[in-house]
Amino acid sequence: PILASCGYDKFVRLWKEKVDENDKLIWKLESCKIEFNDYVEDISFCHKIFGLKLAGCSKNGKIKIIDIINTNVATNKCTFQKDSPLSCSSICWN
């Protein structure tokens with residue numbers, strides 16, 4: 001499983017569930033950090049039949065859709081980017 005988090009630090013971070021040395025499940029921060037240029041207000045994964053894609057929107061109206069090839073930031077591709085004149089506070093897949 002993969003979990004994404006966003007916030008006022010202008011980054012979206014990916015976390016992976018792993019087993020630690022005590023056989024407990026933990027969430028480990030991966031090297032993937034997706035940068036925006038303002039506060040990231042909301043993120044959403046698309047439906048799994050379309051692959052692992054993540055949409056995010058920021059306070060200054062920037063919307064990005066990222067194809068997550070793996071959790072290494074160098075291999076991820078921003079496939080869509082749109083600047084809106086309005087602030088964006090939520091995003092969802094239709």
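The values are calculated or read from the model by the stated rules, or taken from the named source; none is laboratory data. Predicted model, so just to flag it, every value in this text is computed and none were measured. Quick reminder, even Gly has a Cβ in these numbers, built from the backbone with ideal geometry, and neighbours come from all protein chains shown. SASA here: full protein model, heavy atoms, side chains in, ligands and nucleic acids out. Shrake-Rupley method; radii C 1.70, N 1.55, O 1.52, S 1.80 Å.
Conditions (1) touching a residue at least 12 places away in the same chain (Cβ under 8 Å); (2) open to solvent by less than 50 Å² (accessible area, probe 1.4 Å); (3) within 22 Å of S89 (Cα to Cα); (4) of a type in the set (S, T, N, Q), marked per residue:
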{"position": "P1", "(1), (2), (3), (4)": "yes, no, no, no"}
{"position": "C6", "(1), (2), (3), (4)": "yes, no, yes, no"}
{"position": "W15", "(1), (2), (3), (4)": "yes, no, no, no"}
{"position": "N22", "(1), (2), (3), (4)": "no, no, no, yes"}
{"position": "W27", "(1), (2), (3), (4)": "yes, no, no, no"}
{"position": "I34", "(1), (2), (3), (4)": "yes, yes, yes, no"}
{"position": "E41", "(1), (2), (3), (4)": "yes, no, yes, no"}
{"position": "K48", "(1), (2), (3), (4)": "no, no, no, no"}
{"position": "S58", "(1), (2), (3), (4)": "yes, yes, yes, yes"}
When you look at K82, is it loosely packed, with under 12 Cβ neighbours inside 10 Å and free of Cβ contacts under 8 Å to residues at least 40 places away in the same chain, yes or no? yes
If I69 meets every condition in (1) touching a helix residue (DSSP H, G or I) at 6+ places or on another chain (Cβ under 8 Å); (2) touching a residue at least 24 places away in the same chain (Cβ under 8 Å) apart from one, which number is that one? (2)
Is one or more of the residues making up region 24-34 β-branched (V, I, T) and in contact with an Asp or Glu (Cβ under 7 Å, 6 or more places away or on another chain)? yes
